[in-house]
Amino acid sequence: MTRLSAATLASLPASVRRPAYDRAGLKPGIVHLGLGAFTRAHMCEFTDDALEREFGAWGIVGASLQRPDQRDRLKPQDGLYTFLKRAPAGPELRVIGAVLDVLVAPESPQALVARLAAPETKIVSLTVTEKGYCHDPATGRLRADHPDIVHDLANPAAPRSAVGLIVAGLAARKAAGLGPFTALCCDNLPSNGHVLAGLVRDFAALRDDKLAAWIEANGAFPSTMVDRIVPATTDADIAEVAGLLGLDDAAPVIGEPFRQWAVEDVFAAGRPRWHEVGAQMVSEVAPFEFMKLRMLNGAHSSLAYLGYLAGHETVAAASGDPVFARFLQGLWSEIIPAVPAPQGVDLKTYAGDLLARFQNPAIRHRTWQIAMDGSQKLPQRLLGTIRERLKAGAPIDHLALGVAAWMGYVTGTDEKGQPIDVRDPLAAEFALRAKALGRDAVALSTALFGIGAIFGDDLPREERFTRAVAAHLDSLFQKGAKATAAALD
């Protein structure tokens, strides 16, 4: 079958939406580090919409920081790819045109730094996941001993970390007499723009105090809140898209119709007209970010661990199980009192909307995918809420079960005795502790509580928390996830 490309775009069925602007005249203005599925289903679509509203030099150059896979898929397609929206009423297809090129950092970090330093680059956005920031999640500070940071300090012209690349690009712009680009973090980190600004300044100060001062005085690091469910693309999805297009597409993305993007409107060198196509340009992102992090992400992670242990492959299947749907309602009843509502938002209504989104049968969001990198996610998604509930003397039963389910998951064995492919920076450490302690819930939970990067120094001393988690973990081992969740009713 013929491949999707600029040359074959005109042959698409009339039902497939395609770029409604002169793509041949599009110039780059944005570099995105970590061009994964989420960005291509979120920021790239917002940018396509903005280009249709008002055309400008806002094309996107993607950058893969580890592997050439994305470049190899998109290059033969001239950067084009299909976004398949899975709505309950049926699929909707759209070809996104905003991506112009994809660079591969390990192949030529100098080429990527040159693109960051180019005068036409106005925004450098990034989605590199929590672990890509080389920081301590508990403190938000740069880990100067991180291998990538050590490498980048020794090789400033050939960095491999996102932070090192950003600083290298800013240093080159300063040396050339140019102003800074806006560094736009779109990862699920609390106060992500402020965190990124601190990491960049920390790294810059290790290189050059004057560079750090220049970034402090001139840099722009807006915080953002992003929201859209984007499952990993499967071989079946690729085949479905090919059937609907009549063309092969090696890089389609799948997502739900819902999307949300709140962005602090602080940019150093302009931006697309995202505000005219649904983005919320605000002075304070924190209330939206906080609501999403605790209510959506906290519930997603808890459901992923419980659902996976119970044998549910997808979020829709897990949340469609009445036992786990009731668990989510109980979880949100514990979370909502610890969440200040953003202006105009009713949190109970928001929780109902979340459940409906989770239960969308057209979305196959795998529990295994959400369960990845839990050691990086747990502190932000669940543990902050737990700390506040403990301080208030409020119940934490559902929250504690979410933590216990994570512990059960990272042992690496499911309820049927089958191995779990645990993807986490600390997976090897988890495996060692699980092998040594087996299914002794008290011993295992105590060992995991001892990982300070996750639980800090305070939570292991909170007996109400540690006892609840150990009891739930024991129940998970003895009775399974569904029976343990049902016992909370």
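Each value in this text was obtained by applying a stated rule to the coordinates, not by laboratory testing. Note that this is a predicted model, so its numbers are computed, not measured. All Cβ positions, glycine included, derive from the backbone under ideal geometry; neighbour counts span all protein chains shown.
Oblate is the label for the stretch 286-486, because a/c, from the alpha-carbon gyration tensor with a ≥ b ≥ c as root eigenvalues, is 1.5 or above and a/b does not exceed b/c. Using the Karplus relation 6.51 cos²θ - 1.76 cosθ + 1.60 with θ = phi - 60°, the per-residue 3J(HN,Hα) values for the stretch 261-273 come to 8, 9, 9, 5, 7, 10, 10, 7, 9, x, 7, x, 7 Hz, with x marking Gly and Pro.
A crude spin-label estimate for the pair Ile451 and Leu153, with each label 7 Å from Cα along the Cβ direction, gives 2.6 nm.
Positive end of the dipole of the stretch 286-486 (Cβ unit charges, origin at the Cα centre): among Leu355, Leu309, Val442, the Cα lying farthest that way belongs to Leu355. Loop-located GluC sites (Glu not before Pro) in the stretch 101-138 (DSSP state not H, G, I, E or B) with no more than 15 neighbouring Cβ atoms inside 10 Å: Glu107, Glu120.
In the chain, the calculated helix contribution to ellipticity at 222 nm averages -13000 deg cm²/dmol per residue, counting -39,500 (n - 2.57) for every DSSP H run with n ≥ 4. Amide H to amide H distances under 5 Å link Met281 with Val263, where only residues 5 or more positions off or on other chains count and H is placed in the peptide plane. In the stretch 9-282, taking the dipole from charged Cβ atoms about the Cα centre, the farthest positive-side position among Leu12, Leu178, Ile96 is held by Leu178.
Here the 3J(HN,Hα) profile of the stretch 5-10, calculated from phi with Karplus coefficients 6.51, -1.76 and 1.60 at θ = phi - 60°, is 6, 4, 6, 9, 4, 5 Hz, Gly and Pro shown as x. With a/c under 1.5 counting as rounded, go ahead and sort the stretch 169-266 into rounded, prolate or oblate using the C-alpha gyration tensor (a ≥ b ≥ c being the square roots of the eigenvalues; past the cut-off, prolate if a/b is larger than b/c, else oblate). Prolate, since a/c reaches 1.5 and a/b exceeds b/c. Does the stretch 227-362 come out rounded, prolate or oblate, given a ≥ b ≥ c as the square roots of the eigenvalues of its C-alpha gyration tensor, rounded meaning a/c under 1.5 and, failing that, prolate meaning a/b above b/c? Here the stretch 227-362 falls in the oblate category. Working from Cα positions, state the angle (0 to 90°, nearest 10) between the long axis of helix 43-53 and the longest principal axis of the chain. Approximately 40 degrees, to the nearest ten.
For the stretch 202-210, 3J(HN,Hα) computed residue by residue from phi via the Karplus equation (6.51, -1.76, 1.60; θ = phi - 60°) reads 4, 5, 4, 5, 6, 8, 6, 4, 5 Hz, glycine and proline entered as x.
In this simple spin-label model, placing a label point 7 Å from the Cα along the Cα-to-Cβ direction at both Glu284 and Leu390 gives a separation of 2.8 nm.
Between Leu178 and Ala144, residue separation times 0.36 nm minus the direct Cα-Cα distance comes to 9.4 nm. A cut-off of 5 Å between modelled amide H atoms, ignoring neighbours fewer than 5 places along the same chain, links Tyr81 with Ile96. Loop-located chymotrypsin sites (Phe, Trp or Tyr not before Pro) across the stretch 226-290 with a Cβ neighbour count of 12 or fewer within 10 Å are lacking, with loop assigned by DSSP. Here the dipole of the stretch 9-282 is about 420 debye; that uses its Cα centre as origin and unit charges on the Cβ of Lys and Arg (positive) and Asp and Glu (negative). Taking the Cα centre of the chain as reference, the dipole from Cβ charges on Lys and Arg (+1) and Asp and Glu (-1) amounts to some 100 debye.
The residues Glu45, Glu388, when put in order of fewest to most other Cβ atoms within 10 Å, stand as Glu388, Glu45. Taking the DSSP beta bridges with both ends in the chain, the antiparallel portion is around 35 percent. Spin-label pair Ala356-Asp458: with each label point 7 Å from Cα along the Cα-Cβ axis, the two points sit 3.7 nm from one another. Placing a label point 7 Å from the Cα of Ser11 along the Cα-to-Cβ direction, the residues of the stretch 221-262 with a backbone N closer than 20 Å are 238-252. Amide H contacts of Thr413 (H built 1.01 Å from N, in plane; Pro and chain starts excluded): Ile420 sit under 5 Å, all sequence-distant by 5 or more or on other chains. Secondary structure note: in the stretch 9-282, about 30% of the DSSP beta bridges are antiparallel.
Output the 0 to 90 degree angle, nearest 10, between the alpha-carbon long axis of helix 347-358 and the longest principal axis computed from the alpha carbons of the chain. Taking Cα atoms only, the helix is inclined about 80 degrees. For the chain, the relative contact order works out to 14 percent when only alpha carbon pairs closer than 8 Å and six or more residues apart are counted.
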